[in-house]
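Structure record follows, encoded as structure tokens.
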Amino acid sequence: MAGLRGSVTGIACVLLALCMAVPTLATVYTVGDSSGWATGVDYTTWAKGKTFAVGDSLVFNYGGGAHTVDEVNASDYNTCTVGNYISTDQSGATTIPLKTAGTHYFICGVTGHCGSGMKLAVDVAAAAAPSGTPSSSGTPPATNTTVTTPTPVTTKPTTTVPSSSGAVSSVEALVMTMIALFVLVVS
Ligand SMILES: [Cu+2]
């Protein structure tokens with residue numbers, strides 16, 4: 001039975017290699033998860049255990065106009081001082097690309113909200129760069145400030161976009177083949 005065991009091991013190795021080959025993409029973190037960006041949420045707890053790296057981004061979800069997302073310095077973060085922000089947005093869905101390493105501080109600029117917990121500090125590590133990272137120079141912030149106006153959805157059913165990317169489906173096909181082979185060998 002050594003032959004069978006050998007091929008099983010071989011297939012397992014191939015499967016493992018396939019899984020490892022899937023590229024790790026930049027992570028998009030939804031701040032506060034389902035709670036979003038709101039008062040009464042402990043963002044220190046939310047950030048705990050998460051690792052942030054250059055290339056990742058933060059998405060703040062809240063009612064447009066009800067809150068703001070202000071990037072501030074450490075001092076203003078600690079004292080909840082509003083008004084000196086480095087950047088601000090109140091669109092309701094603020095995407096912040098983390099472009100530089102170091103600690104980034106965010107507070108809500110609405111009076112009293114920072115004191116009520118709307119403050120987030122994230123430690124951003126340098127990009128977990130393999131060799132030849134695409135240079136981030138020249139790329140505009142590309143803040144995805146999604147339009148908050150409730151646009152009446154245009155009734156144009158042209159949404160037949162095949163969302164499955166070719167790369168993924170070929171990997172899936174390979175895995176399926178491997179599983180089929182595995183079943184064949186075992187039976
Ligand atoms: Cu607020």
Inset, instruction - Determine which single condition TRP37 fails, assuming it passes every other condition in (1) under 11 Å from the mean Cα position of the chain (by Cα); (2) in contact (Cβ under 8 Å) with a residue 60 or more places away in the chain. - result: (1)
Inset, instruction - Please specify each residue of region 20-38 satisfying the condition of being more than 14 Å from VAL69 (Cβ to Cβ) and either hydrophobic (A, V, I, L, M, F, W, C) or at pLDDT 95 or above (or both). - result: MET20, ALA21, VAL22, LEU25, ALA26, THR27, VAL28, ASP33, SER34, SER35
Inset, instruction - May I ask you to say which residue of GLY117, GLY64, GLY109 is surrounded by 13 or more Cβ atoms within 10 Å (Cβ to Cβ), within 16 Å of the ligand (Cβ to nearest atom), farther than 23 Å from THR27 by Cβ and modelled with pLDDT under 95? - result: GLY64
Legend entry - Search result, residues across region 47-58 that are touching a strand residue (DSSP E or B) at 6+ places or on another chain (Cβ under 9 Å) and more than 16 Å from the ligand (Cβ to nearest atom): ALA47, LYS50, THR51, PHE52, ALA53, VAL54, GLY55, ASP56, SER57
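The values are calculated or read from the model by the stated rules, or taken from the named source; none is laboratory data. Fair warning: this is a prediction, and the values are worked out from it, not measured in the lab. Glycine also receives a Cβ, built like all others from the backbone with ideal geometry; neighbour counts cover every protein chain displayed.
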